[in-house]
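Report on one structure; see the data block that follows.
The values are calculated or read from the model by the stated rules, or taken from the named source; none is laboratory data. Treat the numbers as computed from the prediction; the structure is a model and nothing was measured. Counting neighbours? That spans all protein chains shown, and the Cβs are built from the backbone with ideal geometry, glycine included.
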Amino acid sequence: MEFLWAFIIGGALCVIGQLMMDLTGYKFTGAHVLVTFVCAGAVISALGLYQPLVNLAGAGATVPLSGFGHLLAQGAINGVNQKGLLGAFSGGVSSAAVGITAAVVFGYLAALIFKPRG
Amino acid sequence: MSKSIVSESQKQEYAKIATHFRPRPRLWRNIFWAFIVGGLICLIGQFILHFFLDKGMDVNTAGAATSAVLIFVATFLTGIGVYDEVSRFAGAGGIVPITGFANSMVAPAMEYRAEGLIFGVGHRLFTVAGPVLVWGIVTAWAIGILYYFFR
Amino acid sequence: MAAPKKIGLQTVYFQTPPVIIAAASIVGPMEGEGPLSKYFDKILSDTYYGEKTWEKAEQRLMQDAMKKALQKANLQEKDIDFILAGDLLNQIVTSCYTARAMSIPFLGLYGACSTLYEGMAIGSMLIDGGFADRVMVAVSSHYSTAERQYRFPTELGVQRPMTAQWTVTGAGAALLAREGSGPVITHATIGRVIDMGEGDPQDMGAAMAPAAADTIKRHFLDTGRSPDHYDLIITGDLGAYGKILAEKLMNQNGYEVSERYTDCGILIFSGSQDVHAGGSGCACSAVVTCGYLLEQLKSKKYKRIIGIGTGALLSPCSIQQGETIPGIGHAVVFEAR
C-alpha cells in the first residue's frame, strides 16, 4: 500500500510544481520551483504537517525536494533540542549532509568524466 | 532610464494581440506526464528505501542512503545526456524529485568544465543548487531560532 | 541638400546595385535533417565539429563558410576589402576570433539575429558608396553556445514552452561585389529599435514582430511600393507565433501579405523536429538566405524578394533585471539578374 501512496503523493507533488511553471507562463523556472519546494517543505514540516505525509507515502514525500526542506527543518529543530541555540545553526545542514555531499561529489566527478552532448 | 518610442497605449494594445495568439501550454498533457514520471521516480525511491530498511538500517539512514543512490543515478543519466530529455518531456516530473536537484548541479558543472576546475566546475556546480541551499538553509535556521524561543 | 541615395525616412537605394557573387552556408546535424537540407553547402555530423569546445566549433563554422564563399567566387583573401561579421556571443567573439585568421580588414557588427541583414545593408552602402569593391558578410550561431549564454546549460532538464525557438547551428557568408553576376541588392531599409513591452525571453517572436512590421511599413511608405511588388516577403526568425503577430500588425497597417509572406525560422525545420515555434539565431536567416533564397533568385523562381532580418536585443542581465525586450528589423531587397 505504501508503494501506491509513494507513487500518488510523489506524482501529485510534481504536478504542483508543473502548475507553478505552466500557470505563470514559464516565468517560474525549474530553479524557482526547487527553491519554493525546499522552503515550503521546511515550513510545512515545522508546523508538524509533513511527517504524517512521510508516514503515509515514504519516498513519495521524501524524494521530492520538499522532503529535503523537511529534512533541513527537522534537523534544525532536533539541533535546538540537543544543543540549544547553536543547534539552529548546525542541525539543518548536518541532517542533509549526505544529500549535499553526494550531489557535490558526484557532480564534480561527472564534470571530469563526461562531456556535454548538447 | 531611456524610454521606448512606443506609447503605453500602443504597448497595451499589442499585449492584447500577443496574448490572444500566444499558444496555451499543453496543460493536461504536462500534468499527466509530470504525475507519471514524478510518481515513478518516487516509486523507485520507495523500492530503494525498502531495500535499505530490509538491510536493517534505521529510517533516517535508509532515507539518506536512498537519496545518495538516486543522486548517483541522476548524475550518471545527466552525464550520458539522458536526464535532460526526461525533464524536457516530463517537466516538473523530472525537476521536483531530488534527481532533478542532482541534474541541476551536474549539468552546469559539466557544461563549464572548459572554463577550468575552479571557476568552471567549482563555481557553476552551484548555479541552481546555490539558491536552493541558501533558501533552504536560511529557512531551516529561522525555523530553529523560532523553535528555540517559542517552543 | 538631402542625401542623394536616401529615400524617405529610413530607406537607401543603390545606384549600382551590389551583386551577391557568391554565398555559402554550413549547418549542424539537426538543420541538415530539415526540409532545406539540399540547399546547404555542408552539413555537420557532430556539433563539436572536431573541436574541443562549442565556441571553437562555431568559429570553425564561420571560417569555413567564409572560405567556401571565397572558393565559390574563385577569389583570394587579398581580393576582399572588408569583412563585416557578427554573432550572438558576448563581445561577438566568434567573429573577432575568426577574423584573426583572415588578413582582411574587419568590422564587427551586432544586430542579434538580424546581423546578416545589417551586414548586407552596410556592405552594399560601402560598395555603392565607392569605398569597396568586394565585401564579405558573415554570421554564425550555435545552439549550444547560445543556449548556455542566454538560457540554461544544455544538459539541464528544462521544459520548453510552445513559444520557445531553437537556435540554429550554422554559419552563412555572402560575398558582395561591385561587378559580377548573381542576384543584386537594390534597397535597404534600416529598422528602428521597437520595444512593445514584451519581456519573455522564451517568446522572442512576440518581441520582434512589431519591429519587423514597423520596418516593412516604413519600406513601403519610403518607396511607394506595395506588397505585391515582391514575389516573397520573408522575415528572419519570428517563428510560428511571431509570424502570426507580424502578419496581424501588417494587416492593421493596411498591407495584405498573407500568401507571399513567410519566415526563415519556419522554413528551416519541419514540424516533426520538436523545435516548438521554429528556428532562431543569426544563422537562421543567414543559412536560409545564403542557401535557399539566393538559389531561388538564381533560378528565377522568385524575381524580387524583400528579406527582413529580425533581432531581439536582449541580454540575460537585462532580463533578470526585469527589462523588456527591444526588437529590430532590417530589410534588404534582392532582385534576380
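Residue pairs whose Cβ atoms lie under 8 Å apart, sitting 6 or more positions apart in sequence or on different chains, and linking a residue in region B:1-21 that is within 16 Å of residue C:211 (Cα to Cα) and facing chain C (nearest Cβ under 7 Å) to a partner that is among the small types (Gly, Ala, Ser) and part of a loop (DSSP other than H, G, I, E, B), are B:4/C:197; B:6/C:197; B:11/B:4; B:11/C:197; B:14/C:197; B:15/C:197.
For region B:26-36, how many residues are at the interface with chain A (Cβ under 8 Å from one of its Cβ atoms) and in contact with a Gly (Cβ under 8 Å, 6 or more places away or on another chain)? Number of matching residues: 4. Yes or no: residue A:108 at the interface with chain B (Cβ under 7 Å from one of its Cβ atoms), aromatic (Phe, Trp, Tyr) and farther than 15 Å from residue B:132 by Cβ? In short, yes.
Filter region A:28-62 for residues that are among the hydroxyl-bearing types (Ser, Thr, Tyr) and surrounded by fewer than 24 Cβ atoms within 10 Å (Cβ to Cβ); which is modelled with the highest pLDDT? Among those that are among the hydroxyl-bearing types (Ser, Thr, Tyr) and surrounded by fewer than 24 Cβ atoms within 10 Å (Cβ to Cβ), it is A:36.
When C:70, C:89 are checked against the criterion of being within 22 Å of residue C:316 (Cα to Cα) and not assigned by TED's automatic domain parsing to the domain that holds residue C:207, a single residue qualifies: C:89.
Does at least one position in region B:87-99 carry a residue that is more than 12 Å from chain C (Cβ to nearest Cβ), part of a helix (DSSP H, G or I), in contact with a helix residue (DSSP H, G or I) (Cβ under 8 Å, 6 or more places away or on another chain) and at pLDDT 95 or above? Yes: region B:87-99 contains one or more residues that are more than 12 Å from chain C (Cβ to nearest Cβ), part of a helix (DSSP H, G or I), in contact with a helix residue (DSSP H, G or I) (Cβ under 8 Å, 6 or more places away or on another chain) and at pLDDT 95 or above. Within region C:36-93, the set of residues being under 21 Å from the mean Cα position of the chain (by Cα), within 19 Å of residue C:142 (Cβ to Cβ) and of a type in the set (Ser, Thr, Tyr) comprises C:37, C:47. Kindly check whether there is at least one residue in region C:57-69 that is more than 16 Å from residue C:169 (Cα to Cα), touching an Asp or Glu at 6+ places or on another chain (Cβ under 7 Å) and part of a helix (DSSP H, G or I). Yes, some residue in region C:57-69 is more than 16 Å from residue C:169 (Cα to Cα), touching an Asp or Glu at 6+ places or on another chain (Cβ under 7 Å) and part of a helix (DSSP H, G or I). Only one entry of C:197, C:129, C:123, C:108 meets the criterion of being away from chain B (no Cβ under 13 Å), surrounded by fewer than 20 Cβ atoms within 10 Å (Cβ to Cβ) and closer than 24 Å to residue C:237 by Cα, and that entry is C:108.
Residues of region A:67-80 that are facing chain B (nearest Cβ under 8 Å) and not aliphatic (A, V, I, L, M): A:67, A:68, A:69, A:75, A:79. Scanning region C:147-162 for residues that are in contact with a Gly (Cβ under 9 Å, 6 or more places away or on another chain) and surrounded by fewer than 24 Cβ atoms within 10 Å (Cβ to Cβ) yields C:147, C:152, C:154, C:161.
The residues of region C:173-191 that are outside any loop (DSSP other than H, G, I, E, B) and farther than 30 Å from residue A:118 by Cβ, listed by number, are C:175, C:176, C:177, C:184, C:185, C:186, C:187, C:188, C:189.
Residue B:142 meets all of the listed conditions (1) within 8 Å of another protein chain (Cβ to nearest Cβ); (2) surrounded by 16 or more Cβ atoms within 10 Å (Cβ to Cβ); (3) out of contact with any Phe, Trp or Tyr (no Cβ under 7 Å at 6 or more places or on another chain) but one, namely (1). Just one residue in the set C:43, C:7, C:26 is within 30 Å of residue C:271 (Cβ to Cβ), aliphatic (A, V, I, L, M) and surrounded by fewer than 21 Cβ atoms within 10 Å (Cβ to Cβ); that residue is C:43. The residues of region C:200-248 that are more than 10 Å from chain B (Cβ to nearest Cβ) and part of a loop (DSSP other than H, G, I, E, B), listed by number, are C:201, C:202, C:224, C:225, C:226, C:230, C:231, C:236, C:237, C:238. Considering only residues in region B:37-85 that are under 18 Å from residue A:106 (Cβ atoms), facing chain A (nearest Cβ under 7 Å) and small (Gly, Ala, Ser), the one that is nearest to the chain's Cα centre (by Cα) turns out to be B:67. Picking from residues in region C:243-274 that are buried (at least 24 other Cβ atoms within 10 Å of the Cβ) and in contact (Cβ under 8 Å) with a residue 60 or more places away in the chain, the one that is farthest from the chain's Cα centre (by Cα) is C:269.
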